[in-house]
Amino acid sequence: MNKSSCMRRRLVRATLGGLCALSLAACALPRVTQRPAQTEYRLLPPSVRQDAARLHPVVLRVGGVGAAPGLGGVAMLYSEQPLQLMPYRDSRWVAPPADMIASALRQALARQPWVAAVQGDAMSGRAGWSVDCHLDRLEHDVYARSVRLGLSCQLLDVRNGDLAAAWDFDASHGVARQDAAGYAQATQDLLDRAVSMALRHTARALLAVQESGAARAVQPDRAR
């Protein structure tokens, strides 16, 4: 056997050995068979208290919070440029934000000493007043490094449909982190403020109605 043949055989064996090593390494790599698990975030009711010592306890109805187009699902939306909303790929809300906002509002109202009971949409009967809200905006503006929440609400007299009060919450909050976790925390901070505003406007409007009714009741009858 000449020298050239020996070199060719050594080259073939080296090549085969390298292919086997690559094959074994490929078998050892983990196979990606599914997308990464979703991280879910929840909005909680704040522990806030609105003083209204002179207000007689009332029964309130808080229905579902309506949502603007695109905000009815569980997607966590961010924006890198105007008029463009994109969902976080591996993060989402545990429930639609509008539903969590409605639940937070009901629980916060139920904790107030001037609220006798809080009813939902499916309940009827004793509720004399209705708090109705609509989620107008909720997004993470990556360029501005902030989250913006827009919520419009009104207080209605259930007996006659009269509007007792109306208010809008539209505010932004800076994010400590440019990710879904930072977005969720900023949204919670904004929700705390929005619920505090709702309690304040509701208590003030109910107290004004109560005091107006009391004033009319004590006026002397001047008719003859």
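Bear in mind these aren't lab numbers, they're just calculated from the coordinates by the rules spelled out. Quantities reported herein were computed from a predicted structural model and do not represent experimental measurements. Please note: Cβ atoms are built from the backbone with ideal geometry, for glycine as well, and neighbour counts cover all protein chains shown.
Among His56, His201, His140, the order by Cβ neighbours within 10 angstrom, fewest to most, reads His56, His201, His140.
What translational D, rounded to a whole number of µm²/s, comes out for the range 69-224 from Stokes-Einstein when the hydrodynamic radius is the Kirkwood one over Cα pairs, at 20 °C and 1.002 mPa s? After rounding, the answer is 122 µm²/s.
In sequence order, the range 111-121 has phi-based couplings of 7, 7, x, 8, 10, 6, 6, 10, 10, x, 4 Hz under the Karplus curve 6.51 cos²θ - 1.76 cosθ + 1.60, θ = phi - 60°, and Gly or Pro positions carry x.
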